[in-house]
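Colleague: Got a structure here, written out as structure tokens. Questions coming.
The values are calculated or read from the model by the stated rules, or taken from the named source; none is laboratory data. This is a predicted model, so every value here is computed, not measured. Virtual Cβ from ideal backbone geometry, glycine too; neighbours counted across all protein chains shown.
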Amino acid sequence: MPPLLAVRNVAKRYGAVQALIDASLEVDAGETLALIGANGSGKSTLSKVINGVVAPERGQLLLGGRSVHFDSPHAAKDAGISTVFQELSLVPQMTVAENIWLTREPLRRSGMIDRRTERRRTEDLLSLFAGTLRADLTPDTPVAALLPDERQIVEILKAISVNPRLLILDEATASLDSRQVQRLFELIGQWKAQGTAIIFISHRMAEIEQIADRYSVLRNGQTVGAGSMKEATANDLVTLMAPETAGGAVERRRLSSDILATRRIVLQIDDLRTSVLRGVSMQVREGELLGIGGLKGQGQRDLLLAIFGGTPWSGRITLDGKPVHFTHPRQAMNHGVALVPGDRAGEGLLSIRSILENLLVPSWRNYGFPLQMQRARRDASAIAARLDLKMAGLDAPVSSLSGGNAQKVVIGKWLLRNPRILLLDDPTKGVDIATKAEFYRLLTRLCEEGTTVILYSSDDEELIGLSDRVIVMHDGRISSELAGASLTTANLVAASLGVASGDAP
């Protein structure tokens, strides 16, 4: 019996960049295939070929043994293929229900949209994630009012609303918390039992090991390995993805409490309050990497935004011993503070502009009037080289970059300003292992040079491996501070749940 989907020797080029050279995979009905590879390896391009967004230059798609060609996502959807892409497709001004059923609205005999049926069907879909969403989220909630994890779930519900034969999940768990991921995995088990095939793309190895039946590995646009997950170790897969970085775990020499005590206090926060924060107080020292942990939505983002002047706050913030009250990010920037946002597409990049323009967005004023373009281009080239940015050139659109390289641009534009305090909001979300390893080395260098780093990460291993200390947020407060021997996964998870470490299950 032929596989539900077979991809044979697909190739695709974007200008000078060969995104796919010889990509192949197979997935059967009722199984989950993990599509694995470093950023820029071709995973998203291959997904777009399967989904009809991109036309391949060579190769073949076989659906149920029959050759198919999709000239649009609509054609692929008609054939039973639905995709949740890494960058969401929701319309912010529309409601949850309107987004899910857009272009497929249930109609009355009169031809008018049947809003009652649309609402009921949406409630049925939302009930699949009951207990992991806030109680006041309804079919009538505008998407603009949703948190990132809620938008991701709506995107998933939109994809499954068509009852697909094949569901592609491209980094669909990156914005979800652990409860939501576990619920999604339970649903995947149900969908598989009904015969649905799943292609699962994730940079979280623990998720791949938990959910996948088989794997297919892409490297530089080529399929370099495939097999059963039962017969592969995590290191086997990492070696296939990027042999030169195999074993590149999170590692950074922590500063001891004695050494930290000798460093001057750069940032002090006392009783910081926002609509979410409920009295946060802390100190951060020069060259320290302070981690922020906790379940998603406990105030981590608000803490970073308040420091950066991006949200109203009360309390006291002292920078280098002097009180400050930033009401606009430009004020924070002028004091050497930089923020790398978690939503790189929505907040970090101008997608229709060039790589050069994106790198220089916060720094144009530094190049005079008229603009000293030669110096600006030289500085941008130096940052691109420092970050090993894989690109066709500085004038290429930033939209041409892979997810990991796009994130390098988001980080690089702030490094051009030589920040004294670097705020990072889950910066490695959706970034491959090789790029993460480069990023970790960069953070180590920055701290050694005296930059103070405050890092929120949804990856517990990342926090434990990188941070000198970790403060854990729970319900808008700091519930725990972990350092030295107490900085363990068990203690971090317990503190995230608001449980004393000694009582952790």
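Table: residues versus (1) in contact (Cβ under 8 Å) with a residue 60 or more places away in the chain; (2) not β-branched (V, I, T).
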{"residue": "A145", "(1), (2)": "no, yes"}
{"residue": "I153", "(1), (2)": "no, no"}
{"residue": "L166", "(1), (2)": "yes, yes"}
{"residue": "E171", "(1), (2)": "yes, yes"}
{"residue": "S175", "(1), (2)": "yes, yes"}
{"residue": "Q182", "(1), (2)": "no, yes"}
{"residue": "F185", "(1), (2)": "no, yes"}
{"residue": "Q190", "(1), (2)": "no, yes"}
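Colleague: Continuing with the same structure: Kindly indicate whether any position in the range 85-101 is closer than 25 Å to T223 by Cα, of a type outside the set (D, E) and out of contact with any Lys or Arg (no Cβ under 7 Å at 6 or more places or on another chain). Walk me through it before giving the result.
Modeller: Filtering the range 85-101 down to residues closer than 25 Å to T223 by Cα leaves 85-87.
Next cut, of a type outside the set (D, E) only: 85-86.
Add one more test, that the residue is out of contact with any Lys or Arg (no Cβ under 7 Å at 6 or more places or on another chain), and what stays is 85-86.
Within the range 85-101, one or more residues are closer than 25 Å to T223 by Cα, of a type outside the set (D, E) and out of contact with any Lys or Arg (no Cβ under 7 Å at 6 or more places or on another chain).
Colleague: Among the numbered conditions (1) more than 23 Å from F439 (Cβ to Cβ); (2) surrounded by 16 or more Cβ atoms within 10 Å (Cβ to Cβ); (3) touching a strand residue (DSSP E or B) at 6+ places or on another chain (Cβ under 7 Å), tell me where F326 comes up short.
Modeller: With (1) more than 23 Å from F439 (Cβ to Cβ); (2) surrounded by 16 or more Cβ atoms within 10 Å (Cβ to Cβ); (3) touching a strand residue (DSSP E or B) at 6+ places or on another chain (Cβ under 7 Å) applied to F326, the lone miss is (3).
Colleague: Are any residues in the range 184-202 assigned to a loop (DSSP other than H, G, I, E, B) and exposed (fewer than 15 other Cβ atoms within 10 Å of the Cβ), and if so, which ones?
Modeller: Here is the first cut: in the range 184-202, the ones assigned to a loop (DSSP other than H, G, I, E, B) are 194-196, 202.
Listed by number, the residues that qualify are Q194, G195.
Colleague: Take the range 154-180 and flag every residue that is surrounded by 21 or more Cβ atoms within 10 Å (Cβ to Cβ) and within 20 Å of A206 (Cβ to Cβ).
Modeller: Residues satisfying the conditions are I156, L169, D170, E171, A172, T173, A174, S175, L176, Q180.
Colleague: Still on this structure: Filter the range 182-211 down to the residues that are closer than 20 Å to D149 by Cβ and among the polar types (S, T, N, Q) and list them by number.
Modeller: Q182, S202, Q210
Colleague: Of all residues in the range 203-218 being in contact with a strand residue (DSSP E or B) (Cβ under 7 Å, 6 or more places away or on another chain) and of a type outside the set (D, E), which is surrounded by the fewest Cβ atoms within 10 Å (Cβ to Cβ)? Step through it out loud before you land on a result.
Modeller: From the range 203-218, those in contact with a strand residue (DSSP E or B) (Cβ under 7 Å, 6 or more places away or on another chain) are 208, 211-218; that's our starting set.
Then keep just the ones that are of a type outside the set (D, E); that gives 208, 211-212, 214-218.
Numbers: I208: 21, I211: 21, A212: 24, R214: 19, Y215: 24, S216: 25, V217: 25, L218: 27.
Only one residue tops the list, namely R214.
Colleague: Sticking with this one: Which residue out of H74, H69 is without any contact (Cβ under 8 Å) to a residue 40 or more places away in the chain and farther than 26 Å from V154 by Cα? Reasoning before the result, please.
Modeller: On the way: H74 fails: farther than 26 Å from V154 by Cα.
After applying the criteria, what remains is H69.
Colleague: In the set I411, I421, which member is crowded, with 17+ Cβ neighbours inside 10 Å, within 24 Å of L176 (Cα to Cα) and in contact with a strand residue (DSSP E or B) (Cβ under 8 Å, 6 or more places away or on another chain)?
Modeller: On the way: I421 fails: within 24 Å of L176 (Cα to Cα).
Of the residues listed, the single one that is crowded, with 17+ Cβ neighbours inside 10 Å, within 24 Å of L176 (Cα to Cα) and in contact with a strand residue (DSSP E or B) (Cβ under 8 Å, 6 or more places away or on another chain) is I411.
Colleague: Here is a follow-up. List every residue pair whose Cβ atoms lie under 8 Å apart, where the two residues are 6 or more positions apart in sequence or sit on different chains, the first residue falls within the range 196-213 and is assigned by TED's automatic domain parsing to the domain that holds L169, and the second residue, located anywhere, is in a helix (DSSP H, G or I) and among the hydroxyl-bearing types (S, T, Y).
Modeller: I199/S47; I201/S44; I201/S47
Colleague: Suppose the filter is in contact with a Lys or Arg (Cβ under 6 Å, 6 or more places away or on another chain) and not small (G, A, S); does I265 pass it?
Modeller: When the stated conditions are applied, I265 passes them.
Colleague: Something else: Among the residues of the range 3-20, count how many are assigned to a strand (DSSP E or B) and surrounded by fewer than 18 Cβ atoms within 10 Å (Cβ to Cβ). So that I can check it myself, show each step before the final result.
Modeller: Taking the range 3-20 as the starting set, the residues that turn out to be assigned to a strand (DSSP E or B) are 5-14, 17-20.
Cutting the leftovers down to surrounded by fewer than 18 Cβ atoms within 10 Å (Cβ to Cβ) gives us 8-9, 13-14, 17-18.
Residues flagged as assigned to a strand (DSSP E or B) and surrounded by fewer than 18 Cβ atoms within 10 Å (Cβ to Cβ) within the range 3-20 amount to 6.
Colleague: Look at V250 and say whether it is assigned to a loop (DSSP other than H, G, I, E, B), among the aliphatic types (A, V, I, L, M), at pLDDT below 95 and over 21 Å from the mean Cα position of the chain (by Cα). Talk me through it step by step, then tell me what you get.
Modeller: Details: assigned to a loop (DSSP other than H, G, I, E, B): yes; among the aliphatic types (A, V, I, L, M): yes; at pLDDT below 95: yes; over 21 Å from the mean Cα position of the chain (by Cα): no.
So V250 fails the test.
Colleague: Related question: Suppose we keep only residues that are among the β-branched types (V, I, T) and crowded, with 16+ Cβ neighbours inside 10 Å within the range 457-498. Which one would you say is modelled with the lowest pLDDT? Write out each step before concluding.
Modeller: Keep residues of the range 457-498 that are among the β-branched types (V, I, T), which gives 464, 470-472, 478, 488-489, 493.
From what's left, crowded, with 16+ Cβ neighbours inside 10 Å: 464, 470-472, 478, 493.
Details: I464: 88, V470: 95, I471: 96, V472: 92, I478: 94, V493: 72.
Only one residue tops the list, namely V493.
Colleague: How about the range 26-51: which of its residues are assigned to a loop (DSSP other than H, G, I, E, B) and under 20 Å from G403 (Cα atoms)?
Modeller: Matches in the range 26-51: G37, A38, N39, G40, S41, G42.
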